[in-house]
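So the structure is just underneath, and the comments pick up after that.
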Amino acid sequence: MSATMTVRPLLRAKKRREALRNLAFLSPWLIGFGVFFAYPLISTVYFSFMKYDGFSSPTWNGTRNWSYVFNEYPFFWPALRNTLWLVVVMVTLRVAFGLGIGLLITKIKTGAGFFRTAFYLPYLAPPVAATMAFAFLLNPGTGPVNSLLGKLGLPQPGWFNDPNWSKPGLTLLALWGIGDLMVIFMAALLDVPKEQYEAAELDGTGRWSRFRYVTLPNISPIVMFAVVTGVIQTMQYYTEPLVAGKVASGVIGGSGQQFEPGYPGQSTLTLPQLVYNLGFQRFDTGSACVIALVLFALSMAFTALLMRRRNGFLSAED
């Protein structure tokens, strides 16, 4: 009996030491999680129910910030529609285009290095410079793109000066900087076992069947990764639509000029722009936190939906 009573404290002490050791190994992640995720998220929820301008002490405001954003703030719903449009259209086209370019370059036997460099270099361009260049290229009056379309007898869109063409213009800009996805897909495509292609060819399958039943199942985790990260990045889409709207509207001067984002006709307005506009230009931190929480909820919802549908991306073995 005494031996049992002696062993139990030793076991408890051993378990305590193991728990402390595990906690010490986890401490870098726990500190990072607490400082950079948990605390900001809790603070955002807290300030969303407060009246706070960033200078005076916050005061309880109830659900007035939420009511203002959803019912009175005129830019919220256009920005939400634009953001969802970009998530659905831009992410889909970027993944398809990146995969197509990756497939094309892996099949090229001569000059593959040149094409890899040519497609990857645009991705390295600074977002502001790339957007300004695109805005000038797509200028409806003096841009070379519309001049070429006019010579070919094709319609000349207004691009960033036309609400119906501004988001397609941003999508073209995103497809131009496709180098990141191209490299990821190329690495995945080169990792597909050649034996599976040889077996499929012996069975007499065509190119589409080989892509569907050999290539796609092998690269499906990378497709899933590209879609999820693309959704998260597009939810944070800020610089390109803001700069495109400024350049197209002619407001590209100094800080003394006032500019309401979304030109033309609120078609380039996105939710991250509203967070900045409310929080740092109008000093309405509570309403800005509401929109930040909407962005967080949408990102989590899209990610959860994609993860639940992962069987459509991942093969049975994964």
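Quick notes on this structure:
- Length added when fully stretched, residue 37-residue 21, from 0.36 nm per residue minus Cα-Cα: 3.4 nm
- Per the Debye calculation on the range 100-204 with a single equal scatterer at every Cα and no solvent contribution, log₁₀ I(q)/I(0) for q = 0.12, 0.14, 0.21, 0.22 Å⁻¹ amounts to -0.59, -0.72, -1.08, -1.13.
- Of the residues 87, 43, 59, the one whose Cα sits farthest towards the positive end of the charge dipole of the range 16-102 is 43 (charges of +1 on Lys and Arg Cβ, -1 on Asp and Glu Cβ, taken about the Cα centre).
- Calculated over the range 18-155, the projected area of the Cα convex hull averaged across directions stands at 18.1 nm².
- Rounded to the nearest 10 Å², the accessible area of residue 101 at probe 1.4 Å: 10
- Order of exposure, largest accessible area first, which applies to 85, 176, 60 with probe 1.4 Å: 60, 176, 85
- Percent of Cα-Cα distances greater than 21 Å, calculated over the range 44-118: 60
- Kyte-Doolittle at least 1.0, axis length at least 20 Å by Cα - qualifying DSSP helices, the chain: 91-107, 216-235, 285-308
- Taking amide H atoms as placed 1.01 Å from N in the peptide plane, the amide H of residue 50 lies under 5 Å from those of 61, each 5 or more residues away in sequence or on another chain.
- Between the range 272-302 and the range 1-70, the alpha-carbon center distance in angstrom: 23
- Dipole size of the chain about its Cα centre, with +1 on Lys/Arg Cβ and -1 on Asp/Glu Cβ: approximately 980 debye, rounded to the nearest 20.
- The order of the peptides 47-53, 92-98, 118-124 by mean Cβ neighbours within 10 Å, most packed first, is 47-53, 92-98, 118-124.
- Accessible solvent surface per residue of the chain, calculated while the other protein chains remain in place, 1.4 angstrom probe, Å²: 60
- Over the range 60-104, the alpha carbon radius of gyration divided by the compact-protein estimate 2.2 N^0.38 Å works out to 1.91.
- Each pair of Cα atoms in the chain enters the Kirkwood radius, and Stokes-Einstein at 37 °C and 0.692 mPa s then converts it into a translational diffusion coefficient of 139 µm²/s.
- Counting protein heavy atoms only, the chain has 65 percent of its accessible area on carbon and sulfur, 1.4 angstrom probe.
The values are calculated or read from the model by the stated rules, or taken from the named source; none is laboratory data. Please read these numbers as outputs of a predicted model, since none were measured by experiment. Neighbour counts are summed over all protein chains in view; Cβ atoms, including those assigned to glycine, are modelled from backbone coordinates with ideal geometry. Just the protein is used for accessible areas: all its heavy atoms, side chains included, with ligands, DNA and RNA removed. Shrake-Rupley method; radii C 1.70, N 1.55, O 1.52, S 1.80 Å.
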